[in-house]
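> Below: one structure in structure tokens.
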């Protein structure tokens, strides 16, 4: 009887559940019979309509839901798709855009917890029962008002490399106070070790300085050099960080001879180190930073080849590309032959994909058992760029590139490849299982080293290249930030880089609202991409804080005053100090004690719920009655 | 595998910050496990009173695995309160003649895929051995009667 009333589509408030089933392009529909599911779902009590779509998260998919809400067909929504961690927010916001309350929504996880782990009939069966359970809960959902908490108009950026500088400047320009934290004395990060930036050739120092000047001038930015985050707490709008600052370690100290005389507030660039933006701490101390959002710009480190990998660490003539770039920067600007440490370099062998695109079974794992299976993306162009610099500056120095594939993917990068060919850089291609061998020369080559390779471009011909220098194009690895990962509970991907919520739809956000990603802490990127990500993170941060308050899910405890008997058992069970208090209220002319929840302090854990003898206290959005209804649906023998 | 008609059902109460993402990680790794498992996402299982568990068995759920965060619990004190509650549920289960192996408290982290699958397998064995909830009552009543007459 109740079901019939609920099905009424007369615009009343009776629950009318809409079920929306996602195929996930086959991820779900290849294992779950979504057509059967849809037919059956429509017959679930209280369900007004069941629909399906190839991708519910797509615009047309969301539009299906929004149209049904606008027309009044449904007033409770269930989407059955991937894990709620991916798209629950997407769909809640679709509800909001269609004019519905975002909390009359329940999610059924039929991908991670069904189609990816079960197959055939049992998969469809389970999906149906999860949808029934979600529908049962949805019928009992009530509109909720999000909690409003004042947000600090303050952002913290961790890491003052090019991405951190970019993000700090953007945020300050939008009117936010910014704390820019850096663990070394210098701003500029890895870019400070570069000379000219591929593909356009502008000076790396200028790129850093132009941002550093603005950081220095901006009254809204406070720069904390030699600072480490040691404490982290709070939520979006109200994070607090504890910093440990220490005077720079001896090896980080700046030899005064390295420092040009400091001008009036003009930042000082020290090659390979970065920019000094002000005085360094002279004694140890702790600083508390109260902030609204945190942008992570912790950067990367270049892969360090294993001892003996292509002769690295054993043959002094073998160096990494970052080392070579610094050597080239410090070499005499031109001449017929490149001279390094007084030694003429007539022939350079450059080997690509060192520490990138590693293959299990072929490449050796590092000490902690990891392989870098990803492409580091930037090394092809950086190698080609360096080769072109050598060929144009020192016409008598020959360059040989040993590569697996050339991936010059960005604007202006393919041109570098063509330019290298015009510059008579010689390319030799190798297969991963048959990499080049770097060997000490027997003297006949006239060079200290020879590089032998089975060249795939000449159909496997064994080629021997004389080399005065071997340059290893090493890939990128994330900076070791395990302390931050543990402290801030940051999600890390299989590649050990920080992991965004969604690679396409939410590329600079972490699962914890208010934590954002900028640059190479997330994946290998070049300078433009890192700045791009940093500006995106800054915009996202600004839009989170712009209103001056943040909305939090209202999943906190609530007392039903009709049922409350004032026993105080909830106060006793409560795990957050002061979140529930007993207050005097007047009921029918009598003063009685009743429980009251202090929303700002409530954690929403529900410890009080189990303790209440009269069922008077519930956590909004997940009441006991809702859980019971879900268990009823799961226990039911209704088959799909 | 799967949940053919008549096979028992396993209810999993999975915490939103640890075990639920852990179950998602099992999915991301495409590791199969029996389909008679139904996961409910909860902030903290400390929310459920003793009767909730008993009612689940009354409704025909054969086994319940509480997958908590353990020491990683974001709500200080919640895990300890939960452990105490589960002990009380065990007492009540014994009184009703329910085998206490039907309820298991464990902790599963966000990447504990193997532990997740193991827990499911173990519970699967338990409910296969015991059959539907309540079917063991008779035997324990008989046992009690036998003990009394002795």
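The values are calculated or read from the model by the stated rules, or taken from the named source; none is laboratory data. As the structure is a computational prediction, the values presented were derived from the model and not from experiment. Cβ atoms come from the backbone with ideal geometry, glycine included; neighbour counts cover every protein chain shown.
> Collect the residues in segment A:185-196 that are in a loop (DSSP other than H, G, I, E, B) and surrounded by fewer than 20 Cβ atoms within 10 Å (Cβ to Cβ), keeping them in residue-number order. Before the answer, list the steps.
Step one: list which residues in segment A:185-196 are in a loop (DSSP other than H, G, I, E, B), which gives A:185-186, A:194-195.
A:195 - this is the single residue of segment A:185-196 that is in a loop (DSSP other than H, G, I, E, B) and surrounded by fewer than 20 Cβ atoms within 10 Å (Cβ to Cβ).
> Still on this structure, I have one more. Among (1) closer than 15 Å to residue A:200 by Cα; (2) touching a strand residue (DSSP E or B) at 6+ places or on another chain (Cβ under 7 Å); (3) assigned to a loop (DSSP other than H, G, I, E, B), there is one condition residue A:410 misses while meeting the rest; what is its number?
With respect to (1) closer than 15 Å to residue A:200 by Cα; (2) touching a strand residue (DSSP E or B) at 6+ places or on another chain (Cβ under 7 Å); (3) assigned to a loop (DSSP other than H, G, I, E, B), residue A:410 is out only on (2).
> Another question, if that's okay. Can you find even one residue in segment A:164-171 that is in the same structural domain as residue A:541 (by TED's automatic domain parsing) and free of Cβ contacts under 8 Å to residues at least 24 places away in the same chain? Full working, then the answer.
Filtering segment A:164-171 down to residues in the same structural domain as residue A:541 (by TED's automatic domain parsing) leaves A:164-171.
Subsequent filtering for residues that are free of Cβ contacts under 8 Å to residues at least 24 places away in the same chain retains none.
No.
> Can you report the number of residues in segment B:42-73 which are closer than 20 Å to residue B:107 by Cβ, facing chain A (nearest Cβ under 8 Å) and surrounded by fewer than 22 Cβ atoms within 10 Å (Cβ to Cβ)?
Number of matching residues: 2.
> Looking at B:92, B:105 in this structure, which one is without any contact (Cβ under 8 Å) to a residue 60 or more places away in the chain, assigned to a helix (DSSP H, G or I) and more than 7 Å from every other protein chain (Cβ to nearest Cβ)? Break it down stepwise before answering.
Working: B:105 fails: assigned to a helix (DSSP H, G or I).
B:92 is the lone residue from the list that is without any contact (Cβ under 8 Å) to a residue 60 or more places away in the chain, assigned to a helix (DSSP H, G or I) and more than 7 Å from every other protein chain (Cβ to nearest Cβ).
> Suppose we keep only residues that are at the interface with another protein chain (Cβ under 7 Å from one of its Cβ atoms) and touching a strand residue (DSSP E or B) at 6+ places or on another chain (Cβ under 6 Å) within segment B:10-40. Which one would you say is nearest to residue A:606 (Cα to Cα)? First the steps, then the outcome.
If we filter segment B:10-40 for residues that are at the interface with another protein chain (Cβ under 7 Å from one of its Cβ atoms), which is where we start, we get B:11, B:21, B:23-24, B:26-28, B:30-33, B:35, B:38-40.
Remaining after also requiring touching a strand residue (DSSP E or B) at 6+ places or on another chain (Cβ under 6 Å): B:11, B:23, B:38-40.
Working: B:11: 19, B:23: 22, B:38: 21, B:39: 18, B:40: 15 Å.
Of everything passing the filter in segment B:10-40, B:40 is nearest to residue A:606 (Cα to Cα).
> Sticking with this one: Condition first: within 23 Å of residue A:32 (Cα to Cα), touching a helix residue (DSSP H, G or I) at 6+ places or on another chain (Cβ under 9 Å), at pLDDT 95 or above and within 13 Å of another protein chain (Cβ to nearest Cβ). Can you find one or more residues in segment A:87-97 that meet it?
No, that holds for no residue.
> What single numbered condition from (1) assigned to a helix (DSSP H, G or I); (2) over 24 Å from the mean Cα position of the chain (by Cα); (3) surrounded by fewer than 24 Cβ atoms within 10 Å (Cβ to Cβ) fails to hold for residue A:126?
(3)
> In addition: Only one residue in A:543, A:569 is in contact (Cβ under 8 Å) with a residue 24 or more places away in the chain and either farther than 30 Å from residue A:408 by Cα or away from every other protein chain (no Cβ under 14 Å) (or both), so which one is that?
Details: A:543 fails: in contact (Cβ under 8 Å) with a residue 24 or more places away in the chain.
Only one candidate passes the filter, namely A:569.
> Let me ask something additional. So, of the residues in segment A:553-597 that are assigned to a loop (DSSP other than H, G, I, E, B) and touching a helix residue (DSSP H, G or I) at 6+ places or on another chain (Cβ under 7 Å), which turns out to be surrounded by the fewest Cβ atoms within 10 Å (Cβ to Cβ)? Give the derivation first.
Initially, segment A:553-597 is screened for residues assigned to a loop (DSSP other than H, G, I, E, B), giving A:553-556, A:560-568, A:574-579, A:588-589.
Next cut, touching a helix residue (DSSP H, G or I) at 6+ places or on another chain (Cβ under 7 Å) only: A:574-575.
Values: A:574: 24, A:575: 20.
For segment A:553-597, the residue satisfying everything is A:575.
> Continuing with the same structure: Name the residues in segment A:74-86 that are part of a loop (DSSP other than H, G, I, E, B) and closer than 20 Å to residue A:37 by Cα, would you?
Taking segment A:74-86 and keeping what is part of a loop (DSSP other than H, G, I, E, B), we get A:74-75, A:82-83.
Selection gives A:74, A:82, A:83.
> Checking residue A:69 against (1) under 26 Å from the mean Cα position of the chain (by Cα); (2) crowded, with 18+ Cβ neighbours inside 10 Å; (3) away from every other protein chain (no Cβ under 14 Å), which test does it fail?
Here residue A:69 clears every test but (1).
> Right, here's the next one. So, in segment A:98-123, exactly how many residues are assigned to a loop (DSSP other than H, G, I, E, B) and within 8 Å of chain B (Cβ to nearest Cβ)?
Just the residues of segment A:98-123 that are assigned to a loop (DSSP other than H, G, I, E, B), to begin with: A:98-104, A:110, A:116-119.
Cutting the leftovers down to within 8 Å of chain B (Cβ to nearest Cβ) gives us A:116-119.
Of the residues in segment A:98-123, 4 are assigned to a loop (DSSP other than H, G, I, E, B) and within 8 Å of chain B (Cβ to nearest Cβ).
> Now, a different point. Among the numbered criteria (1) surrounded by fewer than 23 Cβ atoms within 10 Å (Cβ to Cβ); (2) in a helix (DSSP H, G or I), which single criterion is violated by residue A:136?
With (1) surrounded by fewer than 23 Cβ atoms within 10 Å (Cβ to Cβ); (2) in a helix (DSSP H, G or I) applied to residue A:136, the lone miss is (1).
> Another one. What are the residues in segment A:154-178 that are part of a strand (DSSP E or B) and either crowded, with 24+ Cβ neighbours inside 10 Å or out of contact with any helix residue (DSSP H, G or I) (no Cβ under 9 Å at 6 or more places or on another chain) (or both), if any? Spell out how you get there, then give the answer.
Our first condition is that a residue be part of a strand (DSSP E or B); within segment A:154-178, this holds for A:154-158, A:161, A:177-178.
Across segment A:154-178, the qualifying residues are A:155, A:156, A:157, A:158, A:161, A:178.
This table checks each residue for (1) buried (at least 20 other Cβ atoms within 10 Å of the Cβ); (2) on the phi > 0 side of the Ramachandran plot.
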position	(1), (2)
A:439	no, no
A:443	no, yes
A:467	yes, no
A:472	yes, no
A:493	no, no
A:498	yes, no
A:520	yes, no
A:531	yes, no
A:535	no, no
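> While we're looking at this one, here's another question. If you check A:399, A:450, A:438, which single one turns out to be more than 24 Å from residue A:363 (Cβ to Cβ), in a strand (DSSP E or B) and in the same structural domain as residue A:320 (by TED's automatic domain parsing)? If you could, list the steps in order and put the result at the bottom.
Numbers: A:450 fails: more than 24 Å from residue A:363 (Cβ to Cβ); A:438 fails: more than 24 Å from residue A:363 (Cβ to Cβ).
From the options A:399, A:450, A:438, the qualifying one is A:399.
> Go through segment A:572-614 residue by residue and tally those that are more than 20 Å from residue B:84 (Cβ to Cβ), within 14 Å of chain B (Cβ to nearest Cβ) and in contact (Cβ under 8 Å) with a residue 40 or more places away in the chain.
3
> Which residue, of A:310, A:374, A:370, is under 34 Å from the mean Cα position of the chain (by Cα), more than 22 Å from residue A:193 (Cα to Cα) and crowded, with 21+ Cβ neighbours inside 10 Å? Spell out how you get there, then give the answer.
Details: A:374 fails: crowded, with 21+ Cβ neighbours inside 10 Å; A:370 fails: crowded, with 21+ Cβ neighbours inside 10 Å.
Exactly one of A:310, A:374, A:370 is under 34 Å from the mean Cα position of the chain (by Cα), more than 22 Å from residue A:193 (Cα to Cα) and crowded, with 21+ Cβ neighbours inside 10 Å, namely A:310.
> What single numbered condition from (1) within 9 Å of chain B (Cβ to nearest Cβ); (2) touching a helix residue (DSSP H, G or I) at 6+ places or on another chain (Cβ under 9 Å); (3) surrounded by fewer than 21 Cβ atoms within 10 Å (Cβ to Cβ) fails to hold for residue A:630?
Looking at each condition in turn, residue A:630 falls short on (3).
> Next question. Tell me the residue from A:60, A:45 that is surrounded by fewer than 18 Cβ atoms within 10 Å (Cβ to Cβ) and either within 30 Å of residue B:117 (Cα to Cα) or in contact with a helix residue (DSSP H, G or I) (Cβ under 9 Å, 6 or more places away or on another chain) (or both), please. It would help to see each step written out before you state the result.
On the way: A:60 fails: either within 30 Å of residue B:117 (Cα to Cα) or in contact with a helix residue (DSSP H, G or I) (Cβ under 9 Å, 6 or more places away or on another chain) (or both).
None of the other options fit; the residue is A:45.
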